[in-house]
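Below: the structure, in structure tokens.
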Amino acid sequence: MAEPTLLFVGLDVHKDSIAVAHAQAERTDPPHFVGSVGTRQSDIDKMIRGLHSKAPNLVFAYEAGPCGYVLHRYLTGKGLECRVIAPSLIPKKPGDKVKNDRRDAVEIARLLRSGDLTPVYVPRVEDEAIRDLSRARDAARLTLKNAKLRLKSFLLRLGLNYTGRADWNDAHRRYLAKVVCPTATQQIVFQESIHAVDEQVARLRRIEQELLDVAPKWRLFPVVEALQALRGVQWVVAITIVAELGDLTRFDNPRQLAAFVGLIPSEHSSGNSRRQGGITKTGNGRARRALVEAAWAYRHNPKVSEAIQKRLESLPKVFKRSAGKHNSDSASVTEGSPHVASTRTSPSPPSPASSSRSCGRSPRRCRSNPDTGTRRNSPGFEWRRGPGLAQPSTTLRGGFGRSSCLE
């Protein structure tokens, strides 16, 4: 029997141990479980030498998890092929209720040989560092939000609710400085809550400053600058999107990018019936949230503000032309849409009831123009009822495949 030349190795990686199994290429034999090894480099080198004695070519795979990409970078640094697998896309039998390290390693080796595993994108070390700093800023933002909420809830329970128009501005700060709680003990709780908010504000500012200092040295910083030419996209949104998405050239078309951030419609079709629902909300949630937040700026009339004009001054002409096209076209309705065409060529103005149906609200609360059926201050928008919210009927250039205002 000829010696195998290729060996598929499945790894079940944990903090203190790695379960190892391998499967021979072009064979139908079940994978062989080798055993568990340590996570030190000497243990991994010993494992590689033992596997090399069985076959000259090795292909490793393990699930993405809390251990990160350290093992992947170590194996690829030695010239070995290693794939980090998406755990949610691993085929599983519904009736299989037994799970342990041995079975996981054997299953990964078997599926790796059959080609049924989906690898994930492994960022560079410097890209992952920027992403970690961006996520640290987001964590600080959430901690600050929770600290403010705890303070406001504490004051509300004492009947000391603030009645101003805005929270946490100078007027609100002056109000908090005059608050006196009923008891001395509650005053201590109040002061500690104030200190907690101040500490988180200072922490958020420090992280943002570090992010501003490090970002210009990043290899993807030109992409960050280019994204800021769009309305609603400043440095926080731009860095978040680029840090989470990484190298955009890995997407073959806009549909793949939309699917990665979960902005494609869900679908439940059968036979001649086709039903589409809300967006899938799968994939990278942080990038999706940043895109949705930026998209709210496109509710208003297209206008290049002074701040956007300053950001455009340092960009190449190709970015300026592209940004200008998107900023002007985003508020226009897609040409050739039958739904919009029927609205424009309607011989008689729609009734208030029909206008309320287009935006999903009652006639009394509807903010649409009853004469044109369009939202005020948004020429060309036709609002229609969607899953839970009214959505503007615009379409992304590049074939995202769904009505959206994210362009």
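For this structure, a couple of remarks:
- Partner aspartates and glutamates for Lys93 [C-alpha distance under 18 Å; skip if fewer than 8 residues away on the same chain]: Glu63, Asp101, Asp104, Glu107, Asp116
- Here Lys99 is the anchor, and the lysines within straight C-alpha reach of less than 19 Å, apart from those fewer than 8 places off in the same chain, are Lys15.
- Descending principal axes extents, the stretch 92-137, alpha-carbon based, whole Å: 42, 22, 18
- For Phe60, nonlocal amide neighbours, meaning residues 5 or more places apart or on other chains whose placed amide H falls under 5 Å from its own, are Val9, Glu81, Cys82, Arg83.
- With all protein chains modelled, accessible area of Lys145 [1.4 Å, Å²]: 130
- In this simple spin-label model, placing a label point 7 Å from the Cα along the Cα-to-Cβ direction at both His52 and Val189 gives a separation of 6.5 nm.
- Length added when fully stretched, Arg206-Val180, from 0.36 nm per residue minus Cα-Cα: 6.3 nm
- In sequence order, the stretch 123-129 has phi-based couplings of x, 5, 5, 5, 5, 5, 5 Hz under the Karplus curve 6.51 cos²θ - 1.76 cosθ + 1.60, θ = phi - 60°, and Gly or Pro positions carry x.
- For the stretch 141-169 and the stretch 175-227, distance of Cα centres in Å: 15
- Within the same chain, lysines fewer than 8 places from Lys152 are excluded, and of the rest, those with a Cα less than 23 Å from its Cα are Lys178.
The values are calculated or read from the model by the stated rules, or taken from the named source; none is laboratory data. Just so it is clear, the model here is predicted, and its values are computed rather than measured. Please note: Cβ atoms are built from the backbone with ideal geometry, for glycine as well, and neighbour counts cover all protein chains shown. Calculation scope for accessible area: heavy atoms of the full protein, side chains included, ligands and nucleic acids excluded. Shrake-Rupley method; radii C 1.70, N 1.55, O 1.52, S 1.80 Å.
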